[in-house]
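Worksheet for the structure shown next.
The values are calculated or read from the model by the stated rules, or taken from the named source; none is laboratory data. Quantities reported herein were computed from a predicted structural model and do not represent experimental measurements. All Cβ positions, glycine included, derive from the backbone under ideal geometry; neighbour counts span all protein chains shown. The area values use the complete protein model at the heavy-atom level, side chains included, leaving out ligands, DNA and RNA. Shrake-Rupley method; radii C 1.70, N 1.55, O 1.52, S 1.80 Å.
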4 protein chains.
Amino acid sequence: MIRVSVVGAQGRMGASVVQAVEAAQDMQIAQKITENDDIAAVTADNTDVAVEFTVPSAALDNVLKLIAQGVSVVVGTTGWTDEKLDRVKAALADAPHQGQAVFIAPNFAISAVLADKFAAEAAKYFTSAEVIELHHPNKVDAPSGTAIHTAHAIAAARREAGCAQMPDATQGEVASRGQSVDGVHVHAVRLQGLNAHEEVLLGNAGEQLVIRADSFDRASFMPGVLLAVRNVASGEHPGLTVGLDTFLDL
Amino acid sequence: MIRVSVVGAQGRMGASVVQAVEAAQDMQIAQKITENDDIAAVTADNTDVAVEFTVPSAALDNVLKLIAQGVSVVVGTTGWTDEKLDRVKAALADAPHQGQAVFIAPNFAISAVLADKFAAEAAKYFTSAEVIELHHPNKVDAPSGTAIHTAHAIAAARREAGCAQMPDATQGEVASRGQSVDGVHVHAVRLQGLNAHEEVLLGNAGEQLVIRADSFDRASFMPGVLLAVRNVASGEHPGLTVGLDTFLDL
Amino acid sequence: MIRVSVVGAQGRMGASVVQAVEAAQDMQIAQKITENDDIAAVTADNTDVAVEFTVPSAALDNVLKLIAQGVSVVVGTTGWTDEKLDRVKAALADAPHQGQAVFIAPNFAISAVLADKFAAEAAKYFTSAEVIELHHPNKVDAPSGTAIHTAHAIAAARREAGCAQMPDATQGEVASRGQSVDGVHVHAVRLQGLNAHEEVLLGNAGEQLVIRADSFDRASFMPGVLLAVRNVASGEHPGLTVGLDTFLDL
Amino acid sequence: MIRVSVVGAQGRMGASVVQAVEAAQDMQIAQKITENDDIAAVTADNTDVAVEFTVPSAALDNVLKLIAQGVSVVVGTTGWTDEKLDRVKAALADAPHQGQAVFIAPNFAISAVLADKFAAEAAKYFTSAEVIELHHPNKVDAPSGTAIHTAHAIAAARREAGCAQMPDATQGEVASRGQSVDGVHVHAVRLQGLNAHEEVLLGNAGEQLVIRADSFDRASFMPGVLLAVRNVASGEHPGLTVGLDTFLDL
């Protein structure tokens, strides 16, 4: 039985993680830490893996404390910069237990991770590629971090393969053409009723390949979270790992 | 038999119109005017309706000449401004024959005209609405005239119904949010392999309505052109008419 | 204030209706009737409109009782046959109060109602039309009642307009072509993660019109339920009314 | 310069191949063989690779003759059975030149080949998977060979990974559920205006992955044909090879 503590257990994502862990046959809940609890309660004695789902302003501090307390962490909170990641790496180098691991994923939805990967693989075979991401209207950032990641992955694959620049005869007023991320146009739709969706369009003369990931609700993240918990608990991925694709057998 | 002359018969659209007229049971080709021919050859004696498919810089002049020669015109060339339309109206007021008509359509694809109309009808029932238009990468303008028309129609319907502003929490960098046309966000994709496509997304809490028109090739415009020719030839629409929806029985 | 009683208040749909009524500025909850309560508690004295969301085997009985108790009803439960509707009509003819109304809708999602209506309007302008409905895998019937309704509406519109039969050269094994409903092919997808979705494809040479309604969750039905409650409470629709389109100003 | 002879040069696909070869910088046309010409004119002296695009009833005979004449072949004609493939293999074993190759692809559209591959890779991560293929109404078979291939690939991947059966509570009339191909439901739409399209839907609780390939016209096959010609001409793929994925660096 993997003993899982949830940091941010009062939040919507955290509560979903608690439910998912309780429903999993190979896991049990160790500690539920809310914003009023002391994270010091999560220790190597009572916890195999901590799942951190709080807010960007609190996450780094939480992760550093958990590392110091000897606990491996699966992090669902977003907002990680290179600088923050470096601090996590440094903390892991001084971690009390050998093999301690931190896993951070910008997106736990398997459909989104696969879409990202397939788009990058396919990109070099097409003349054009654009990304449309669609979210609920409460989202404050645009485009989404996932869409930026996908655009960079497409651009990198095309550079490596020596692809020509994408054709685009657009002249004049171009606000409608969206944001160019590393040369890949990214469009962000904000629509009541939607949750989190991404569509990659790839085109050649006479043909199109469309790869679309729809995340309809929080439930979509739970299989990815449990997959990460199992991989981190296995001890086979010590140190810092970023991205769920690492744990997909593709 | 409706006698149809085609101005711009050497172009791709013009050639398609010639074919479509020849295939129609109730029409026959009168004059085929290319860029090397004198448009004066098209007269009320030999022509019931002229179809003009040339370039924006030539269209107004062609239409004014045809009016003066006593011929009704179906115009497929784009690029009409209010000022140009006023000159057409003035010329029709002085036209040699009673009941002479000019019909101008920004889009002859029935699917596009219906999508535009349905989007406007539905707009007031939804919290959010956005427009995505997708075209081949040789298109020089963005967004498309059709998308601008659709956005204005959505905005007007919502104003009339007293709809609240659409929710949008986006902060900071917003190039990815596209162009706001009358408060409606419009996104333009340019992709090799595509022709002319428009998608309208309408959202409420828990639901979405998507209306999409795909024009795969020139063939898609011919039913609309023939419908316009028949309506203009009927004599029931004297003066200037803009928009194919006028001739759809909806 | 419209006083609304909810019959089936313990169910998922009923509970959502209670929430939606409580959130509406112009309504208040009168009685909440669960399966353990006596529906006789809902009377003309305490209730302007009853909303009935139970199960097909109970709905007719509930509606007849409510009519006899002098209460107008908005019915969300499905499974209505012509015979059942006739019994409702007969009961309304003998209703204690003048102007009592019963409103029954096969679908309260505005997107679905609009998709159905637009598909029927557009059908006569296209050579081909097919319907794809997509639902969660727990649904026991296929195709959905909504898809059957849409197919019949398309077929009726095409008959009235004298449209030719749709082209289809398919030979041999045809299970993949789905179910022909009144000559319109209907396909049913059952997929984990989906809720209730319908897509109508309409095609001409060179063009396609796609109309798609997505109902992601129960929230999508509430605007339609409240619209129906307001219309029934207004007293302007006495007797039996079927279909939310009656209350949409299209 | 790769010398390419086209067998079936009078057909629409053959004519497109001639154009594509003439436009390619590294190829030239050797022989154009129409139905009135003797295929014996294509020899190892004048041809590096023959491209065969005729009809299923003629293709095997053509390929056997070309092998006997010492020529490697890229085959675009469909309708290959295991028995026919065995005869090609046998002929290649007795071929006059070492390293002679025959390449057969059920589909030369890169988007379709990638969609097929990605669907198979993703299949084991999802609870449900279904295939929708959409074609012009002149197609005589349903479902398409590509859709059958995709369904088998999905089923095989799920068997290997030990996936549970897909959930489906459907009872009673099930024509709308399409054709079960190896346990994967396949739906075939026939719609005027479409050409050849395939959509794979993969679903988990709360999420969906959609992979869609659109082939709008014959142009979509040419990059795949040229890729096959180059690979066959390289001499690195002697014997019989089936499927364009062999030549994609994925």
Check: When the helix-only estimate is applied to the protein assembly as shown (DSSP H runs of n ≥ 4, each -39,500 (n - 2.57), divided by the residue count), what is the mean residue ellipticity at 222 nm, nearest 500 deg cm²/dmol?
Finding: -10000 deg cm²/dmol
Check: Are there GluC sites (Glu not before Pro) in segment A:20-100 that DSSP puts in a loop and that have at most 14 other Cβ atoms within 10 Å, and which ones?
Finding: A:GLU35
Checklist line | Degrees separating the helix D:145-161 axis from the principal Cα axis of chain D, which is the longest one | finding: 60
Check: Rg to Rh for the protein assembly as shown: what is it, with Cα atoms only and Rh by Kirkwood?
Finding: 1.00
Checklist line | Karplus-derived 3J(HN,Hα), 6.51/-1.76/1.60, for each residue of segment D:96-111, Hz, glycine and proline x | finding: x, 10, 5, x, 5, 10, 10, 10, 10, 10, x, 7, 9, 7, 4, 4
Check: With each label point set 7 Å from Cα along the Cα-Cβ vector, what nm distance links B:ALA58 and D:GLU83?
Finding: 6.0
Notebook entry, point to check: In percent, how large is the relative contact order of segment C:110-216, given Cα pairs closer than 8 Å and 6 or more residues apart?
Noted result: 42
Note to self: What does the charge count around B:VAL7 come to, taking other residues whose C-beta lies under 12 Å from its C-beta (Lys +1, Arg +1, Asp -1, Glu -1)?
What the structure shows: -3
Note to self: With the crude spin-label approximation of a point 7 Å out along Cα→Cβ, what separation in nm comes out for D:ALA44 versus D:ASP94?
What the structure shows: 1.6
Margin query: Pairs of alpha-carbon atoms within less than 8 angstrom and 6+ residues apart define the contacts here; what relative contact order does chain D have, in percent?
Written below: 22
Next item on the list: For chain A, with a Gaussian network of springs between Cα atoms less than 10 Å apart, report the residue from A:GLN171, A:GLN31, A:GLN192 with the top mean-square fluctuation.
Entry: A:GLN171
Check: What Kirkwood hydrodynamic radius, in Å, does segment D:148-248 give when the mean of 1/r is taken over all pairs of distinct Cα atoms and then inverted?
Finding: 17.0
Next item on the list: Compute the length gained on full extension between D:THR34 and D:LEU250: take 0.36 nm times their separation in residues and subtract their Cα-Cα distance, giving the result in nm to one decimal.
Entry: 74.1 nm
Notebook entry, point to check: Assigning unit charges at the beta carbon (Lys, Arg +1; Asp, Glu -1) and nothing else, what dipole magnitude in debye, to the nearest 20, does the protein assembly as shown show about its Cα centre?
Noted result: 0
Checklist line | Crossing angle, helix D:12-23 versus chain D [Cα axis fit, 0-90 degrees, rounded to tens] | finding: 60
Note to self: If DNA, RNA and ligands are ignored and the probe is 1.4 Å, what is the ranking of C:GLU236, A:GLU160, A:GLU207 by accessible area, most exposed first?
What the structure shows: A:GLU160, C:GLU236, A:GLU207
Item checked: chain D: angle of helix D:222-233 to the longest principal axis, Cα-based, in degrees nearest 10 -> 50
Next item on the list: Determine ³J(HN,Hα), in whole Hz, for all residues of segment C:56-67 in sequence, where each value follows from phi through the Karplus function 6.51 cos²θ - 1.76 cosθ + 1.60 and θ = phi - 60°; x replaces Gly and Pro.
Entry: x, 6, 9, 5, 4, 4, 4, 5, 4, 4, 4, 4
Notebook entry, point to check: To the nearest 20 debye, what charge dipole does segment D:78-186 have about its Cα centre, counting +1 at the Cβ of each Lys and Arg and -1 at the Cβ of each Asp and Glu?
Noted result: 160
Next item on the list: Net charge near A:CYS163: determine it from the other residues with C-beta under 15 Å of the C-beta of A:CYS163, scoring Lys and Arg +1 and Asp and Glu -1.
Entry: -3
Next item on the list: Take every Cα pair under 8 Å in segment C:186-250 that's 6+ residues apart, average their separations, divide by the length, and report that relative contact order as a whole percent.
Entry: 21
Item checked: Accessible area of C:HIS185 in the full protein assembly, 1.4 Å probe (Å², nearest 10) -> 40
Item checked: Long-range HN-HN contacts of B:GLY206 with modeled amide H, under 5 Å -> A:GLY193
Notebook entry, point to check: B:ARG230 versus C:ALA15, label points 7 Å from Cα toward the beta carbon: distance in nm?
Noted result: 5.6
Next item on the list: May I ask for the net charge around A:GLY243, where only other residues with Cβ less than 11 Å from the Cβ of A:GLY243 are counted and Lys, Arg are +1 while Asp, Glu are -1?
Entry: -1
